[in-house]
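Notes for the one structure printed next.
The values are calculated or read from the model by the stated rules, or taken from the named source; none is laboratory data. It should be emphasised that the depicted structure is a prediction, and the values quoted were computed from it without experimental measurement. Using ideal geometry, Cβ is built from the backbone for each residue, glycine included, and neighbour counts are taken over all protein chains shown. Side chains are part of the model used for accessible areas, which takes the heavy atoms of the whole protein and leaves out ligands, DNA and RNA. Shrake-Rupley method; radii C 1.70, N 1.55, O 1.52, S 1.80 Å.
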Amino acid sequence: GIHGETSEGAVRRLEASILLRKPDLVLIMYGTNDAYIDTCQDELDRTARLPLAQYNKNMESIVRRLLDTGIRPVLMTPITMGDFSCVRLGIYRKQGINFNLRLYAQSLRVLADKYRLPLVDHFQIWESIGKKGGNINFWLSDGVHPNVAGNRFIARTIYRVLVRLLCK
């Protein structure tokens, strides 16, 4: 991925960045930038950077292209967002920082079920930890991006899924 990229960018880069390299397996995690509503720029904003319908179309397009070329996709829901300045503004203040991202994560679960794909459900895991009183901000450098500890936790979560997948 590229910092700030949405699934639109992933669709554009798929051929050159992935398909030409002919990997056996590809991990796919998009959604945070797609679902983000920029309340820091406009507190009255209610519009995601990329509508859920377009996100769904993009993710399904990526999955189908990978499958059509014999590459095994592994879908990953995005991690939850934590505490940062925009969480106190506009719609996030009213509905919670992850209200919209939750919808995008759910759409990936549906896509994984539809194509019977492996899923690493980071969102569910991180949200569950937060609900149990865990501080996910410990794993985030700025409330959105994982720090070293967060990346280690993500890697361990991915590893558990990949071991089961690759050892079949």
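At-a-glance table
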item	result
Size of charge dipole - segment 1-96 - debye, nearest 20, with Cβ of Lys, Arg +1 and Asp, Glu -1, no other charges	220 debye
Distant-in-sequence amide H partners of LEU25 (H built 1.01 Å from N, under 5 Å)	ARG72
Angle in degrees between helix 99-115 and the longest Cα principal axis of the chain, rounded to the nearest 10	10 degrees
Environment charge at GLY90 (Cβ cut-off 15 Å; Lys +1, Arg +1, Asp -1, Glu -1)	+1
Positive-end extreme of charge dipole, the chain - chosen from LEU44, LEU117, GLN54 (charges on Cβ)	LEU117
Relative contact order, percent, segment 93-162 [alpha-carbon distance under 8 Å, six or more residues apart]	23 percent
Relative contact order of segment 1-76, pairs being alpha-carbon contacts under 8 Å that are 6 or more residues apart, as %	41 percent
Helical contribution to [θ] at 222 nm, DSSP H n ≥ 4, -39,500 (n - 2.57), averaged over the chain, rounded to 500	-15500 deg cm²/dmol
Degrees separating the helix 122-131 axis from the principal Cα axis of the chain, which is the longest one	30 degrees
Protection proxy ranking, peptides 67-76, 32-41, average beta carbon neighbours within 10 Å, highest first	32-41, 67-76
Length gained when the stretch ILE129-ASP142 is fully extended (0.36 nm per residue, less Cα-Cα span)	2.9 nm
Segment 1-67 versus segment 136-152: alpha-carbon centroid distance in Å	21 Å
Label-to-label distance, nm, for residues given as PHE99 and GLU43 (7 Å Cα→Cβ offset)	1.6 nm
Spin-label model distance (nm) - ARG88 vs ILE158, 7 Å beyond Cα toward Cβ	3.4 nm
LYS114 versus GLU60: modelled label distance in nm, points set 7 Å from Cα along the beta carbon direction	0.3 nm
Distant-in-sequence amide H partners of TYR30 (H built 1.01 Å from N, under 5 Å)	MET76
Segment 1-144 - percent of accessible surface contributed by carbon and sulfur, probe 1.4 Å	51 percent
Burial ranking of peptide ranges 107-113, 153-159 (average Cβ count within 10 Å, highest at the top)	107-113, 153-159
